[in-house]
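The values are calculated or read from the model by the stated rules, or taken from the named source; none is laboratory data. The structure presented is a predicted model; accordingly, all values stated were derived computationally and were not measured. Don't worry about glycine lacking a Cβ; one is built from the backbone with ideal geometry, like all the others, and counts go over all protein chains shown.
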């Protein structure tokens, strides 16, 4: 079974992390499913109530190797926290943060992550959020290694018209703290949009 895990994980993880992760799957006894891209999440954890093994973790197939590893460890931390506390603690509370940081440190070295990701990840682990997408520095470093580079909102000049994956069209406005103030053309409502949102550039509104 371990050889089968190694074979599958070799397609998705950095080479130096494969054997350790195969051992981790065996240790915690969870079912790993590689799934289609989901715009709302990169991965998820579904527990089997009353059991410490047999839980389910899914990860989007199209993540680059470094994003895949971070997302997988994120979900394993949910598994460990569930086994320790069940529903008695918050999903991304201090217990999960501690487990995620502890598990991630197994892989926090230059043989697995390139320097830009390693530095951003080390900073992120000081206070990990509910999603790595919430950390702009980490997301920017990870997206350098995507096979199919995409256009992000921060790449567009101000006043550009752009479309999100949802099909909604916006006009880019100025930055407000971390995000950009953008006007949805149809409703004329203002939304704060993440600088690393994937967009389709339509035109310069002038």
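For the reader, a short list of remarks on this structure follows.
- When each of 117, 73 is tested for being touching a helix residue (DSSP H, G or I) at 6+ places or on another chain (Cβ under 7 Å), buried (at least 19 other Cβ atoms within 10 Å of the Cβ), at pLDDT 95 or above and farther than 25 Å from residue 56 by Cα, the lone residue that passes is 117.
- Unmet criterion (only one of (1) over 15 Å from the mean Cα position of the chain (by Cα); (2) on the phi < 0 side of the Ramachandran plot) for residue 86: (2)
- Test for residue 112: is it closer than 21 Å to residue 28 by Cα, in contact with a helix residue (DSSP H, G or I) (Cβ under 7 Å, 6 or more places away or on another chain) and assigned by TED's automatic domain parsing to the domain that holds residue 18: no
- Selection of the stretch 85-101 for residues being without any contact (Cβ under 8 Å) to a residue 12 or more places away in the chain and assigned to a helix (DSSP H, G or I) yields 85, 94, 98.
- Count of the stretch 11-21 residues, restricted to those that are over 13 Å from residue 107 (Cβ atoms) and either touching a residue at least 60 places away in the same chain (Cβ under 8 Å) or surrounded by 13 or more Cβ atoms within 10 Å (Cβ to Cβ) (or both), is 1.
- Residue selection: residue 135 satisfies the criterion of being within 17 Å of the chain's Cα centre (by Cα) and assigned by TED's automatic domain parsing to the domain that holds residue 19.
- Qualifying residue in the stretch 105-117 (condition: within 30 Å of residue 201 (Cβ to Cβ), assigned to a helix (DSSP H, G or I) and touching a residue at least 12 places away in the same chain (Cβ under 8 Å)): yes
- Every residue from the stretch 39-57 that is crowded, with 21+ Cβ neighbours inside 10 Å and either over 11 Å from the mean Cα position of the chain (by Cα) or part of a helix (DSSP H, G or I) (or both): 55, 57
- Test result for residue 188, within 21 Å of the chain's Cα centre (by Cα), free of Cβ contacts under 8 Å to residues at least 60 places away in the same chain and surrounded by fewer than 13 Cβ atoms within 10 Å (Cβ to Cβ): no
- Conditions (1) modelled with pLDDT of 95 or more; (2) part of a helix (DSSP H, G or I): number failed by residue 123: (1)
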